[in-house]
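The values are calculated or read from the model by the stated rules, or taken from the named source; none is laboratory data. As the structure is a prediction and not an experimental result, all values here were calculated from the model. Glycine gets a Cβ as well: all are built from the backbone with ideal geometry, and neighbour counts include every protein chain shown. Surface areas here come from the heavy atoms of the whole protein model, side chains and all, with no ligands, DNA or RNA. Shrake-Rupley method; radii C 1.70, N 1.55, O 1.52, S 1.80 Å.
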Amino acid sequence: MLRTLYADVIVDISIEALDKTYQYKIPPEMQKDIKAGTPVIIPFGKGNRMINGYVVGISDKPKFDENRIKSIETVSKKGITATQALLSLACWMKEYYGSTMNDAIRTIMPVKKKVREVTEKEVVLKAAYKDAEALLSVLEKRKNSAAMVRLLGELIKKGSLDYRYVRKHLNISMSTLNSLLGKDIIDIKSSRMYRTPISDAEMPDKKVILNDEQKKAADGIIEGYKQHKNMTFLLHGVTGSGKTEVYMSVIEKVIADNRQVIMLIPEIALTYQTVQRFYRRFKDRVSILNSRMSAGERYDQYERAEKGEIDIIIGPRSALFVPFERLGLIIIDEEHEDSYKSETPPKYHAREVAKKLAGLHNAVLLLGSATPSVDTYYRTQPDYPYEDKIIKYELHERTGRASLPEVEVVDMRLEIRRKNYSMLSRTLYNKISECLKRKEQAMLFINRRGYTGFVSCRNCGESIKCPNCDISLTIHYTKNTNKMMCHMCGYETTTVTRCPKCRSAYIGGFGAGTQKIEELIQKTFPQAKIMRMDSDTTSGKDGHEKILAAFANHEADILIGTQMIVKGHDFPLVTLVGILAADMTLHINDFHSAEKTFELLVQAAGRAGRGKLPGHVVIQTYKPEHYAVACAAAQDYKTFFEQEIAYRKIMKYPPVSYMMTVFISSDSEKLSADITDTAFKTADSIIKTHTDTIIIGPAPHQVFKANNMYRYLIHIKGDNIIVLEGIRRAVENAVEKGFEKDKYVMQFDMQ
Ligand code: ADP
Ligand code: ZN
Ligand code: ZN
């Protein structure tokens with residue numbers, strides 16, 4: 001007799017109130033099929049409604065009166081089994097990011113249901129061509145062979161035909177097919193189709209011999225991999241320095257060792273060129289995921305991964321959750337990219353989750369970037385005090401081509417003093433003219449990210465900052481007053497019409513969008529063909545791909561755009577990159593503003609001179625002395641990092657300290673404020689006993705009212721993550737006790 005076993009089941013309903021596990025008996029006949037991760041159908045509630053759930057644990061001890069425990073109805077045939085590692089990952093994400101278990105499970109299972117398989121049958125010619133032709137000429141002379149003649153004639157021309165086409169269009173009967181099959185003249189192949197978006201993997205692979213720096217990096221990483229100790233590496237090298245070649249070399253070794261690889265690439269950089277390189281090297285052992293795929297296509301990829309038919313998956317952050325059993329390596333290319341952070345709960349960062357996942361598999365994590373995030377680089381420092389150290393390798397040179405572009409910084413404050421009020425400096429004007437004369441291409445980049453009502457001075461370059469947080473204040477227009485506010489701590493002041501520092505009246509927000517710039521440039525250079533790329537012009541599935549492809553095809557002389565144009569494609573004819581207001585991102589009301597600015601400037605500059613022609617970059621700025629601008633112009637990452645980390649240390653910002661953000665929202669303004677108050681007081685009372693922890697706020701969210709929800713933020717900074725997690729649980733409990741659960745949303749974000 002088998003022992004009775006009980007399963008803890010998480011119910012698959014998106015109501016947070018049900019975010020706990022329920023115990024069910026496992027019927028003896030199902031014991032062999034049920035393990036953690038198995039999708040099941042269970043009777044639920046008073047009416048015993050049949051609903052879906054996931055087994056998250058198994059034990060032999062009933063949690064309450066055994067007779068009241070219901071039994072699992074059946075194992076769900078449609079559901080997909082989660083691997084043990086992914087399930088552990090979900091549990092960790094729930095704890096670490098403070099999400100519900102349901103949200104965590106939803107995240108690790110981007111494909112939940114089996115989707116109808118895409119099958120395709122083909123009729124192929126099996127006999128040799130000359131035999132088939134001989135047979136055809138015989139048949140042509142015979143009566144009653146018209147059908148066979150039709151089929152053979154086409155098959156000889158094409159080699160293979162779609163089955164439906166043969167049956168419906170050529171009108172070939174089953175008996176005709178069977179008779180040809182019997183004579184081994186044709187074959188019918190029923191193949192499961194894994195639609196891979198890129199087909200011609202047939203082109204020869206261009207093997208390169210790694211240079212010394214590349215070899216040193218690849219060897220070091222493989223050495224780490226062989227130790228099976230879950231190490232993390234950073235490969236720091238400018239675009240074109242050969243990072244991808246290092247990735248491919250490491251991947252080869254890992255798959256030769258019969259283990260699997262996940263490679264994350266920002267979706268926008270997942271271009272034809274990149275993917276093609278991997279297909280050429282790894283053929284059908286590699287597959288890709290992207291957001292444009294249908295559910296069926298995605299499911300195919302997951303199933304192939306589960307069956308071990310592929311070794312490498314390339315995709316955006318959700319590719320982390322592809323069910324590989326023998327994962328050996330995770331690569332995150334362009335690891336500094338914002339798209340690796342999820343904006344919905346659990347608000348995870350792919351880097352952290354990858355680290356955890358690599359740990360569960362004893363795999364290696366490899367991060368790559370030209371401008372590593374401050375978080376990552378901090379962990380490569382010799383004096384970094386914790387266990388999660390990162391080993392750094394550097395690639396210093398662009399392979400096989402000219403040096404980095406020549407960068408010129410233009411101080412726009414001087415332009416104003418010389419009565420040039422245009423968005424275009426004289427230097428940039430001259431460079432564009434020359435570029436057009438040489439029949440080369442230019443890219444003009446407008447840094448508009450984070451443009452949200454900050455105020456800065458065009459005369460001295462200062463923006464108005466919060467005295468507590470050193471981040472820019474944001475204008476709030478209310479009915480009667482204009483006020484400026486800090487969205488970190490809630491500090492308020494009245495708006496100003498003159499710069500507090502230099503008394504200039506040239507103060508205000510920057511409003512010029514891409515369209516305005518396009519008009520200006522077209523007026524200035526009437527002979528130039530101009531394309532614009534921003535969220536207005538890139539609607540539709542492949543909107544931005546189309547514009548970039550047209551530009552690569554030299555259908556325009558100048559491409560104007562937002563940060564979108566900075567990534568992806570190589571344009572060999574682009575010799576000029578102009579950055580119109582470089583410091584715009586310095587004003588984001590976020591402590592990452594300098595980091596984001598540096599990153600964008602370096603990446604934008606890296607677009608120039610990627611072919612054989614030398615490149616020029618013009619950076620227009622109101623703050624040339626700011627280290628983010630100056631270091632970007634000098635392409636000097638190390639100096640930038642030193643300045644930035646010193647600032648973070650003084651301000652106790654991550655990665656030096658942890659920062660937890662509590663987000664509260666409700667459709668009632670009063671309720672939202674009350675909950676925020678409760679949360680704040682609860683946190684504050686704990687903080688009194690932990691002097692190394694600081695609470696900031698509460699402050700209204702940047703966009704206080706959105707979708708009729710009133711939103712607040714509280715930030716808590718501290719060195720001890722255990723204390724922060726304790727605060728989170730206390731806040732959760734206090735708010736849960738005091739307020740009705742379905743009347744508000746409370747989320748946590750840990751940085
Ligand atoms: P990154 O990933 O850093 O942008 P890539 O790996 O794409 O750099 O390399 C840029 C170009 O240089 C590619 O065309 C690549 O094939 C070539 N390349 C890289 N390493 C070498 C090498 N050791 N020898 C010759 N060509 C190389
Ligand atoms: Zn000023
Ligand atoms: Zn502040």
Nitroxide proxy distance, nm - points 7 Å out along Cα→Cβ at residue 257 and residue 745: 4.3 nm
Quick one: ranking 142, 304 by accessible area, 1.4 Å probe, largest first, what do you get? 142, 304
Can you tell me the alpha carbon radius of gyration of the chain divided by the globular rule-of-thumb value 2.2 N^0.38 Å? 1.11
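To the nearest 0.05, what FRET efficiency results for residue 283 and residue 470 with a Förster distance of 51 Å applied to their C-beta separation? Write down the numbers at each step before the final one.
Values: r = 52 Å, r/R0 = 1.03.
Once rounded, the FRET efficiency stands at 0.45.
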Pull up all non-local amide H partners of residue 331: gap of 5 or more, or a different chain, and H-to-H distance under 5 Å with H placed in the peptide plane. 262, 263, 264, 366
Return the unpartnered cysteines for the chain, using a Cβ-Cβ cut-off of under 4.7 Å. 91, 435, 489, 631
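Over all distinct alpha-carbon pairs, what is the Kirkwood Rh of the range 361-432 in angstrom? Please report the intermediate quantities before stating the final value.
Working: mean 1/r = 0.0587 Å⁻¹.
In the range 361-432 this quantity evaluates to 17.0 Å.
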What does the convex hull of the alpha-carbon atoms of the range 118-193 project to on average, in nm²? 4.8 nm²
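Given the Cα-Cα distance of residue 437 and residue 95 and 0.36 nm per residue of separation, how much length would full extension add, in nm? All intermediate terms of the calculation are to be shown ahead of the outcome.
Numbers: separation 342, 0.36 × 342 = 123.12 nm, distance 5.99 nm.
Separation in residues times 0.36 nm, less the Cα-Cα distance, equals 117.1 nm.
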What is the gain in length, in nm to one decimal, between residue 553 and residue 168 on full extension, counting 0.36 nm per residue of separation less the C-alpha to C-alpha distance? 134.5 nm
Restricting to Cα pairs under 8 Å and 6 or more apart, the percent relative contact order of the chain works out to 10 percent
So what does residue 183 come to for accessible area, using a 1.4 Å probe and Å² rounded to 10? 130 Å²
If we restrict to alpha carbons, what Rg and Dmax does the range 5-108 come to, in Å? 13.0, 38
Summed side-chain charge close to residue 216 - residues other than residue 216 whose Cβ falls under 11 Å, Lys, Arg +1, Asp, Glu -1: -4
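Working out 0.36 nm times the residue gap between residue 138 and residue 75, then minus their Cα-Cα distance, what length gain in nm do you get to one decimal? Intermediate values should be presented prior to the final figure.
Numbers: separation 63, 0.36 × 63 = 22.68 nm, distance 5.77 nm.
Contour length minus the Cα-Cα distance gives 16.9 nm.
Net charge within 15 Å of residue 624 by Cβ-Cβ distance, Lys/Arg positive one each and Asp/Glu negative one each, not counting residue 624 itself? Show your work: numbers first, answer last.
On the way: positive: 413, 417, 458, 623; negative: 408, 411, 415, 462, 583, 625, 636.
Taking every Cβ under 15 Å from that of residue 624, the sum is -3.
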Which residues does the label zone of residue 65 cover in the range 21-35, counting backbone N under 15 Å from a point 7 Å along Cα→Cβ? none
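Taking the radius of gyration and the Kirkwood hydrodynamic radius from Cα positions alone, what is the Rg/Rh ratio for the range 314-424, to two decimal places?
Rg divided by Rh gives 1.14.
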By accessible area of protein heavy atoms, probe 1.4 Å, what ranking do 557, 60 get, highest first? 60, 557
I need the phi-derived Karplus couplings for the range 38-54: 6.51 cos²θ - 1.76 cosθ + 1.60, θ = phi - 60°, integer Hz, Gly and Pro marked x. 6, x, 10, 10, 10, x, 10, x, 5, x, 6, 4, 8, 10, 8, x, 10
Heavy-atom SASA rank of 492, 352 (probe 1.4 Å, accessible area, largest first): 492, 352
Run the 1.4 Å probe and let me know the accessible area of residue 665, rounded to the nearest 10 Å². 10 Å²
Carbon/sulfur fraction of accessible area - the range 5-108, other protein chains in place, 1.4 Å, %: 53 percent
Inter-label distance, nm, simple model (7 Å from Cα along the C-beta direction), residue 720/residue 25: 4.8 nm
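With the full set of protein chains in place, find how many percent of the accessible area of the range 118-193 is carbon and sulfur; take the probe as 1.4 Å. Could you put the intermediate results ahead of the total?
Details: 2440 of 4720 Å².
The nonpolar share, carbon plus sulfur, comes to 52 percent.
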What size of dipole, in debye to the nearest 20, comes out for the range 5-108 about its Cα centre when the only charges are +1 on Lys and Arg C-beta atoms and -1 on Asp and Glu C-beta atoms? 200 debye
Rounded to whole Hz, the Karplus (6.51, -1.76, 1.60) HN-Hα couplings of the range 141-148, x for glycine and proline: 7, 7, 7, 6, 10, 4, 4, 4
Backbone HN-Hα couplings from phi across the range 233-248 [Karplus 6.51/-1.76/1.60, Hz, Gly and Pro as x]: 10, 10, 10, 9, x, 4, 4, x, 8, x, 5, 4, 4, 5, 3, 5
Check cross-link reach from residue 612 to the lysines: straight Cα distance under 22 Å, and skip same-chain residues fewer than eight apart. 206, 207, 243, 431, 437, 439, 567
For residue 307 and residue 156, FRET efficiency with R0 = 30 Å and r from the beta-carbon atoms, rounded to 0.05? 0.25
Along the dipole axis of the chain (charges at Cβ: +1 for Lys and Arg, -1 for Asp and Glu; origin at the Cα centre), the most positive-end residue among 619, 278, 50 is 50
Once all protein chains are kept in place, residue 66 shows an accessible area at probe 1.4 Å, nearest 10 Å², of 80 Å²
If I model the range 299-370 as equal point scatterers sitting on the Cα atoms and use the Debye formula, what is log10 I(q)/I(0) at q = 0.12 Å⁻¹? -0.32
Simple spin-label model, 7 Å along Cα-to-Cβ: residue 421 to residue 208 in nm? 5.0 nm
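Taking Cα atoms of the range 212-400, Rg/Rh with Kirkwood Rh, to two decimals?
Working: Rg = 15.5 Å, Rh = 16.6 Å.
Value, to two decimals: 0.94.
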With runs of 4+ DSSP H residues as the only contributors, calculate the mean residue ellipticity of the chain at 222 nm using -39,500 (n - 2.57) per run, divided by the residue total and rounded to the nearest 500. -10000 deg cm²/dmol
What's the local net charge at residue 419, with K and R +1, D and E -1, over the other residues with C-beta under 14 Å away? +4
For the chain, build the charge dipole from Cβ charges (+1 Lys, Arg; -1 Asp, Glu) around the Cα centre, then report which of 316, 345, 639 sits farthest towards its positive end. 316
